[in-house]
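Q: After the structure tokens below, expect a handful of questions from me.
All of the numbers you see were taken from the coordinates with simple rules; none came from a lab. Bear in mind the structure is a predicted one, so any value in this text is a computation, not a measurement. Cβ sites come from the backbone with ideal geometry, for glycine too, and all protein chains shown count toward neighbours.
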Amino acid sequence: MSADLLHQHRGEERCRAELRAQNLAIFRGENPEKLVITDGKVPSAGNIPVEVIQHGKQYLAAVPEYGPRLEQAWAAGQRKWLALSSGSKLSTATKSGHYIYVDKPDVAVQAIERVTAQAARQAHGE
């Protein structure tokens, strides 16, 4: 492995480790980023394009105390997002864990491109 690739790989690993550490802190009841999370009702989005991407690899499978429950909660949340628009679609990043934009950024970019293209077609009456 070249020095550049090794440096890039180590940077990606540090990023994943940092994201996981932040997530675990939140699960412990900490809020390191001082996020404000509101859980109000979201109205219908009509038929605007929405693509929900689910991860294909089980996340936190090694933590049976809450890993499976978290997977169920995410699936329920994804169903709620899908229900917001009649123009919604569910796709799966089969080779990705929870952080799809880190593990498989191409999957996230392709979904954004699909959604924006569909929105543009709708805006032009196609």
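Q: Over all directions, the average projected area of the alpha-carbon convex hull for segment 42-126 comes to how many nm²?
A: Mean projected area of the Cα convex hull: 6.1 nm².
Q: Same structure, new question: Do any of Lys41/Lys80; Lys80/Lys104; Lys41/Lys89 go past 18 Å between their Cα atoms, and which?
A: Pairs exceeding the cut-off: Lys80/Lys104; Lys41/Lys89.
Q: Got a sec to turn the phi values of segment 104-117 into Karplus ³J(HN,Hα) couplings, 6.51 cos²θ - 1.76 cosθ + 1.60 with θ = phi - 60°, whole Hz, x for Gly and Pro?
A: 9, x, 4, 5, 5, 4, 4, 5, 4, 4, 5, 5, 5, 5
Q: Turning to a different aspect of this structure: Can you give me the distance in nm between label points at Lys95 and Ile48, each placed 7 Å from the Cα along the Cα-to-Cβ direction?
A: 3.3 nm
Q: Could I ask something else about it? For the modelled label position 7 Å from the Cα of Arg20 along Cα-to-Cβ, which residues of segment 95-109 have backbone nitrogen atoms closer than 20 Å?
A: The answer is 95-105.
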